[in-house]
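A quick write-up on the structure given underneath.
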Amino acid sequence: MSVMNLPLDALFFALLAALAFAALDLAQKWSARYAVATPAAFLALRLTAAAILSPLLLLIPGALTGRHIVEEPLAGLIAINLLANALYLISVYRADISTIGSLWPLKNAYLPLLLFVLPPHVVFPWKAYALILAATFGAVLIAWNDRLQLRAFKEKPVLLMIFVTIPLFALSDYFLNEAVKTMGSPLATVITALALFVLGVPMVIAHEPSRKIIRESIQNGRGIIGAGLTGLFLVIGVVFIGEAFKRGSVNPAGLALVNVYAMLSGVILLIVNALRSGWLEQQSRGVYALRFTGAILLIAAAAGLRQIEMNLK
């Protein structure tokens with residue numbers, strides 16, 4: 001099989017993950033605006049909700065049949081997620097959260113490098129590298145906002161996010177990709193969610209201001225709604241992307257290709273913002289022009305990748 005052939009069912013689950021991650025982003029924006037005042041408190045509530053909701057995945061027929069836990073990738077997945085989330089909090093407390101949030105698509109630029117450096121040491125056709133970078137750039141433009149200025153890229157928290165935190169989250173995807181091959185996506189998602197809750201939430205609630213904000217958010221009810229929605233869509237998104245990784249694992253480049261198609265969540269968000277302008281954010285016309293340009297670039301790059309795949313079949 002060619003390095004560029006992604007099975008159709010893997011593409012299907014990648015697109016489902018895009019829908020779930022778009023819903024997750026909307027839920028997170030709503031929570032940040034109306035429900036929970038600080039990133040640390042919100043992270044604790046989100047991890048708690050994911051730990052509560054994720055065991056329901058084990059009710060899916062076949063979720064446990066023939067599965068066994070693989071310690072190495074699972075331990076790597078949990079440890080990298082803990083470290084990456086801790087570094088993410090450092091950045092969002094020291095820089096504008098809108099700026100930090102716009103950088104997430106850069107994760108996809110690191111995945112081809114990881115697949116080259118780590119097993120299975122994949123080498124893409126040069127056109128694929130160009131299209132992946134174009135898709136990543138398009139996704140960054142979709143996430144652009146009025147607060148994101150070029151001078152922000154000189155700030156230490158932003159540089160930490162770009163060169164340390166985001167590569168760690170890319171490495172997390174690598175370990176998830178390895179774990180789901182034998183564990184299956186539901187089981188890997190449940191164990192990871194429970195571990196992050198047990199190890200991560202106590203570190204947040206040890207901080208008195210965070211405990212106070214969590215209590216207030218729960219008492220007014222909005223914290224429960226925000227945490228419930230984000231936890232739900234996070235679990236759904238992770239299990240879908242994990243299923244896409246598993247089904248795409250017959251292709252050594254599946255990890256990178258799946259993430260490119262999952263980036264189409266940005267296009268969905270752009271459509272929602274266009275239909276409900278000012279609902280969760282208000283940007284200038286120039287920003288919306290950049291976002292639509294990014295959407296065109298992302299869609300064209302994803303279509304180009306798919307065309308390369310079809311030509312190589």
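Read-outs throughout are calculated quantities, based only on the coordinates presented, and are distinct from any laboratory measurement. Here the structure is a predicted model, which is why all the values come from computation and not from measurement. Glycine also receives a Cβ, built like all others from the backbone with ideal geometry; neighbour counts cover every protein chain displayed.
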Quarter of the Cα convex hull surface for segment 27-143, i.e. its orientation-mean projected area (nm²):
10.3
Given unit charges at Cβ for Lys, Arg (+) and Asp, Glu (-), the dipole magnitude of segment 168-313 about its Cα centre in debye, nearest 20, is 240
If I require 20 Å or longer along the helix axis, counting alpha carbons, and a Kyte-Doolittle average no lower than -0.5, what helices from the chain are left? Use full DSSP H segments.
8-30, 39-53, 71-94, 126-142, 166-183, 185-205, 222-248, 285-312
Please compute P(r) over all alpha-carbon pairs of the chain, binned at 10 Å starting from zero, and give each bin as a whole-number percent.
6, 26, 37, 24, 6, 0
Sequence of His207, His121 once ranked by neighbouring C-beta atoms within 10 Å, starting from the fewest:
His121, His207
Projected onto the charge dipole of segment 8-312 (+1 at Lys/Arg Cβ, -1 at Asp/Glu Cβ, origin at the Cα centre), which of Leu26, Gly228, Leu8 gives the Cα projection farthest towards the positive end?
Leu26
Nearest 20 debye, what's the magnitude of the dipole of the chain about its Cα centre given +1 on Lys and Arg Cβ and -1 on Asp and Glu Cβ?
560
10 Å binning of all Cα-Cα separations within segment 167-299, expressed as whole percents from 0 upward
10, 27, 30, 28, 5
Expressed in nanometres to one decimal, the distance between label points 7 Å along Cα→Cβ at Phe292 and Ala37 is 3.9
Would you mind checking the pairs Lys127/Lys156; Lys127/Lys181; Lys29/Lys181; Lys107/Lys181; Lys107/Lys127 and listing those with alpha carbons more than 25 angstrom apart?
Lys127/Lys156; Lys127/Lys181; Lys29/Lys181
I need the phi-derived Karplus couplings for segment 143-159: 6.51 cos²θ - 1.76 cosθ + 1.60, θ = phi - 60°, integer Hz, Gly and Pro marked x.
8, 5, 8, 4, 7, 7, 10, 4, 5, 5, 6, 9, 6, 4, x, 5, 5
Taking +1 at the Cβ of each Lys and Arg and -1 at the Cβ of each Asp and Glu, which of Ile166, Ile60, Pro209 sits farthest along the dipole of the chain towards its positive end, judged by Cα position relative to the Cα centre?
Pro209
Cα-projected label distance for Thr65 with Met203, points at 7 Å along beta-carbon direction, nm:
3.9
